[in-house]
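> Sending over a structure as structure tokens; questions will come in a sec.
The values are calculated or read from the model by the stated rules, or taken from the named source; none is laboratory data. None of the values given here were measured: they were computed from a predicted structure. Ideal geometry is used to build each Cβ from the backbone, glycine not excepted, and the neighbour counts take in all protein chains shown. In case anyone asks, the SASA skips ligands and DNA or RNA and just uses the protein heavy atoms, side chains included. Shrake-Rupley method; radii C 1.70, N 1.55, O 1.52, S 1.80 Å.
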Amino acid sequence: MVDYGQVFKAAIDRLHEEGRYRVFIDILRNKGAYPNARCFAGHNGPKPITVWCSNDYLAMGQHPKVVAAMEEALHDVGAGSGGTRNIGGNTHYHIDLEGELADLHGKQSALLFTSGYVSNEATLSTLGKLLPGCIIFSDELNHASMIAGIRHSGCEKQVWRHNDLVHLEELLAAADPEAPKLIAFESVYSMDGDIAPLHEICDLADKYGALTYLDEVHAVGMYGPRGGGISDRDEAARRLTIIEGTLGKAFGVMGGYIAADKNIVDCIRSYAPGFIFTTSLSPVLVAGALASVRHLKASAAEREAQQANAASLKRLMAEADLPVMPSVSHIVPLMVGCPIKAKKISDILLAEYGVYVQPINFPTVPRGTERLRFTPGPAHDEAMMRELVAALTEIWGRLEMRAAA
């Protein structure tokens, strides 16, 4: 008979042996004081820490407008939505937010999902089923949710080398000219911090008759005059077929969405199981996201401060000869190259310096490229950055000395 317990134990043991077993840090953020938080790492109660790896890039999850909107909705309509969008869970908050998101991206319509992962998986898998014979051209560094959606679509998939337009065109040119085609890619790639050439990809889509699907989850709220993402910054939104985004990163709350023309959105609304058969987002969350989107459409102060702080941290790390990776975005990756060492550095930072940054290991990044990923926000001041860089410098030297010994 199968020893099921041993199978599961062996699977976990492998992760420990490879140094990539994931440990969830037990923390609570201090409302209104981000990036300050408290960590329950031991038995002596919470200790103060500074968070350096949150995807709440602009601290909008702490913004007074967002918190007030959520409190108002809670006391107005209660906690949950009460059902799927089709059965009782379609509140006026949902309709208002979809209108704001469509406007943000200059599209006719938008559709809310429970997360960015679900919006990618549900939309891409449904598109493939609606386009028989479709070929999906996927950037090799696309997020796991995009890969899952493409796989579940049942379509032929062709993977093009990351941001390599020559390779993408080779694949497009070799494909059946009569076959439906979809190019799927991201704007800001969250682990390396690089950015896709949107207009050049759209040029190839126009040339070869392909639709385009852009994942903007690490860019919405962060770029462009109204926070519409890289497609807003580069004035490319009108050229893109579908723009997908999240409400759980720069907008600081929870949820995902797509924006496109009304017929495409109506098709996804009507055919995607990941949308149809799930309880809709709580109106409390939707109200908070709505307040955040509206605020960031009008205010550039948060993203300007965040970009300035990201540039400062990169400069300070480079001046300290730390292995900061090149990045043209708000992402600040520090290369380590070993899962065990990455976890060790993270543990020392938390235990000795009160600094929280999570190690990033395989399968999120390729083996041998393990790193620490910093996301400085508007409230990370220069003193915090200098303390962080000094701590990293000390730890790097300590571990290198041990290795030499």
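> Say we look at the stretch 382-405 and pick out the residues that are of a type in the set (Asp, Glu) and under 12 Å from Ile345 (Cβ atoms); which of these is surrounded by the fewest Cβ atoms within 10 Å (Cβ to Cβ)?
The extreme case among them is Glu400.
> Now for a different question. Let me spell it out: the conditions are (1) under 11 Å from Phe113 (Cα atoms); (2) assigned to a helix (DSSP H, G or I); (3) among the charged types (D, E, K, R), and Glu244 meets all of them except one. Which number is the exception?
Unmet condition: (2).
> When the residues of the stretch 337-381 are narrowed to those that are open to solvent by 20 Å² or more (accessible area, probe 1.4 Å), hydrophobic (A, V, I, L, M, F, W, C) and closer than 21 Å to Asn55 by Cα, which ends up modelled with the lowest pLDDT?
Step by step, filter the stretch 337-381, then rank; the result is Phe362.
> Now for a different question. Show me the helices (runs of 4 or more DSSP H) entirely contained within the stretch 271-335 in which 2 or more residues are under 22 Å from Ser187 (Cβ atoms).
283-298, 301-319
> Continuing with the same structure: What about Ala179, is it modelled with pLDDT of 95 or more, outside any helix (DSSP H, G or I), crowded, with 23+ Cβ neighbours inside 10 Å and among the small types (Gly, Ala, Ser)?
In short, no.
> Further, regarding this structure: Looking only at the stretch 304-336, count how many residues are within 19 Å of the chain's Cα centre (by Cα) and open to solvent by less than 10 Å² (accessible area, probe 1.4 Å).
Summing the residues that are within 19 Å of the chain's Cα centre (by Cα) and open to solvent by less than 10 Å² (accessible area, probe 1.4 Å) in the stretch 304-336 gives 8.
> Please find, among Ile25, Ile12, the residue that is touching a residue at least 60 places away in the same chain (Cβ under 8 Å) and of a type in the set (A, V, I, L, M).
Ile25
> May I pose another question? Where residues in the stretch 136-173 are closer than 15 Å to Tyr189 by Cβ and of a type in the set (A, V, I, L, M), which of them is least open to solvent (accessible area, probe 1.4 Å)?
Looking at the filtered set, the residue picked out is Met146.
> In addition: Among residues belonging to the stretch 223-241 that are open to solvent by less than 20 Å² (accessible area, probe 1.4 Å) and assigned to a loop (DSSP other than H, G, I, E, B), point out the one that is farthest from Ala305 (Cα to Cα).
Looking at residues that are open to solvent by less than 20 Å² (accessible area, probe 1.4 Å) and assigned to a loop (DSSP other than H, G, I, E, B), I get Leu240.
> List every residue pair whose Cβ atoms sit under 7 Å apart, with the two residues 6 or more apart in sequence or on different chains, where the first one lies in the stretch 384-400 and is in contact (Cβ under 8 Å) with a residue 60 or more places away in the chain and among the β-branched types (Val, Ile, Thr) and the second, anywhere, is part of a helix (DSSP H, G or I) and open to solvent by less than 40 Å² (accessible area, probe 1.4 Å).
Val389/Leu316; Val389/Met317
> To continue, here is another question. Hey, any hits in the stretch 196-211 for a residue that's open to solvent by 30 Å² or more (accessible area, probe 1.4 Å) and under 27 Å from Leu334 (Cα atoms)?
The answer is yes; a qualifying residue exists.
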